[in-house]
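Trainee: My questions will all concern the structure given below.
Computed from the coordinates by the stated procedures, all read-outs in this text should not be read as laboratory data. All figures in this text were calculated on a predicted structure; none of them were measured in a lab. No Cβ is skipped: glycine too gets one built from the backbone with ideal geometry, and neighbour counts run over all protein chains shown.
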Amino acid sequence: MNQELFNLGQLPSRTTKPRESGITMVMDKGLSLREAEDFVSNSVEYTDIIKLGFGTGFVTPGLQRKIDLYKEAGLPVYFGGTLFEAYIIRNQFEDYLRLLDKTGITHAEVSDGSIEMHHDEKCEYIRKLASRAIVLSEVGSKDAEKIIPPYEWIEQMESEISAGVWKVIAEARESGTVGIFRGTGEVRSGLVAEIIRKIPQEKILWEAPLKAQQVWFIKLYGANVNLGNIAPNELIALETLRLGLRGDSFHFFLDNAQ
């Protein structure tokens, strides 16, 4: 950040890395190695963790070189939950564990957005993984027709945190049109309010790929809300939103905001 150069006042205080709040999760949906190198050169300061979206890791050329590049830059990497589910539905959990070992990946996502899984079973996978990795779990369905009531979101989040997850992810997909959002991309504000009443905010990573969604969360919960599924080319723009340096959030943090 170029604060010394610009000497600009009335900016919100941003947490520093390694962060527990104010986390930005970037979704890599298939960057080439050269694109990943360019991303790292410009964005390490503002990125906390990289998700290799859904099953892209399986088909990404030079996957290990890219994982190593991120790790050398101090950026933890994890495979999207869809890949985890692809292993589980094929009864290949042990092979998934071997994949983590072979690639040197230290973070893992447990989700059930595409498959039917009893919640006790999901928590058991979390416990097993938590003994060898930093675990994120995802709550919510990728099926836009499946509406989960707020009490179920809360119960699942609470039990998954108890099972050992670092952060629980509120599902939105990369489109931002399911889970905590309506099909139009509008935030299900009542659902979010219910969740926030019961779950510590620093434990939740809100998937918010669209600018309007990011603005909504920053306005209500501040510059250090955890946000995920951010496109690599939108990362710097998101940081300006967090600091009130974009028209959409310009007045959020000014002492004399009108």
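Trainee: In region 12-19, is there at least one residue being touching a Lys or Arg at 6+ places or on another chain (Cβ under 9 Å) and more than 19 Å from Gly104 (Cα to Cα)?
Mentor: yes
Trainee: So which of Lys71, Lys122, Lys146, Lys102 ends up being among the basic types (Lys, Arg) and crowded, with 17+ Cβ neighbours inside 10 Å?
Mentor: Only one candidate passes the filter, namely Lys122.
Trainee: Would you check if Ala231 is within 19 Å of the chain's Cα centre (by Cα) and either within 25 Å of Phe79 (Cβ to Cβ) or crowded, with 21+ Cβ neighbours inside 10 Å (or both)?
Mentor: So Ala231 fits the description; yes.
Trainee: A further question on this structure: Suppose we filter region 85-117 for residues that are more than 21 Å from the chain's Cα centre (by Cα) and under 14 Å from Met157 (Cα atoms); how many remain?
Mentor: 0
Trainee: Something else about it: So Gly190 fits all but one of (1) assigned to a helix (DSSP H, G or I); (2) over 16 Å from the mean Cα position of the chain (by Cα); (3) surrounded by 17 or more Cβ atoms within 10 Å (Cβ to Cβ); what number is the exception?
Mentor: Checking Gly190 against (1) assigned to a helix (DSSP H, G or I); (2) over 16 Å from the mean Cα position of the chain (by Cα); (3) surrounded by 17 or more Cβ atoms within 10 Å (Cβ to Cβ), the one that fails is (3).
Trainee: State which residue pairs qualify: first residue part of a loop (DSSP other than H, G, I, E, B) and inside region 152-173, second residue surrounded by fewer than 19 Cβ atoms within 10 Å (Cβ to Cβ) in any location, beta carbons under 6 Å apart, and separation of 6 or more residues or different chains.
Mentor: Matching pairs, first to second residue: Gly164/Arg127; Gly164/Ala130; Trp166/Ile134.
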